[in-house]
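The structure appears below as structure tokens.
The values are calculated or read from the model by the stated rules, or taken from the named source; none is laboratory data. Everything numeric here is computed off the predicted structure, so don't read it as measured data. Cβ: placed from backbone, ideal geometry, glycine included. Neighbour counts: every protein chain shown.
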Amino acid sequence: MPILCHSDEIAEGKSKGFQIDETFLFAVKKHGQIYVYENSCPHLGIQLEWQPDQFLDIDESMIQCSSHGALFKIEDGECLMGPCQGQSLIKVDFSLNQGLITVHLE
């Protein structure tokens, strides 16, 4: 089970991208909680960020796809606006042990 990073390496209200073999992931910290998703927009399957570790909108309140501006809720990945409205990002199971974010990939 791969370790992404220590939770302290993601600032509050920020995001961070990762690559494990051929799998691209990202994590977001909001209100002290960590959320991990596959880095793939449900619309075209493209990666979401416009610059490294930039997955959030300007207000840092939602995840945003850089290509079509789709907006996703941080808490559950549901698309609220954009071409994939009603679809969701793919959540990644993870555990948090002594601050280390360990992902459970299939």
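Here are a few things to note about the model shown:
- Scanning segment 86-98 for residues that are at pLDDT 95 or above and in a loop (DSSP other than H, G, I, E, B) yields Gln87, Leu89, Ile90, Val92, Asp93, Gln98.
- Summed over segment 68-81, residues that are at pLDDT 95 or above and assigned to a loop (DSSP other than H, G, I, E, B) total 5.
- Which numbered condition Ile101 fails, given (1) assigned to a loop (DSSP other than H, G, I, E, B); (2) surrounded by 14 or more Cβ atoms within 10 Å (Cβ to Cβ); (3) in contact (Cβ under 8 Å) with a residue 40 or more places away in the chain: (1)
- Failed criterion for Ala27 (all others in (1) closer than 17 Å to Pro2 by Cβ; (2) part of a loop (DSSP other than H, G, I, E, B) hold): (2)
- Selection of segment 13-22 for residues being closer than 21 Å to Gln64 by Cβ and either over 14 Å from the mean Cα position of the chain (by Cα) or assigned to a strand (DSSP E or B) (or both) yields Ser15, Lys16, Gly17, Phe18, Gln19.
- Pairs where the first residue, in segment 50-73, is small (Gly, Ala, Ser) and the second is assigned to a strand (DSSP E or B) and surrounded by 14 or more Cβ atoms within 10 Å (Cβ to Cβ), C-beta under 6 Å, 6+ apart: Ala70/Cys79
- Failed item, numbered, when Met1 is tested on (1) surrounded by 13 or more Cβ atoms within 10 Å (Cβ to Cβ); (2) over 23 Å from Cys84 (Cα atoms); (3) in contact (Cβ under 8 Å) with a residue 60 or more places away in the chain: (1)
- Selection of segment 30-71 for residues being under 17 Å from Ser7 (Cα atoms) and surrounded by fewer than 14 Cβ atoms within 10 Å (Cβ to Cβ) yields His31, Gly32, Gln33.
- Scope segment 41-67; condition in contact with an Asp or Glu (Cβ under 6 Å, 6 or more places away or on another chain) and not in a loop (DSSP other than H, G, I, E, B); matching residues: Gln64
- Looking across Ile20, Ile3, Ile34, Ile63, one residue alone is farther than 16 Å from Asp93 by Cα and aliphatic (A, V, I, L, M). It is Ile63.
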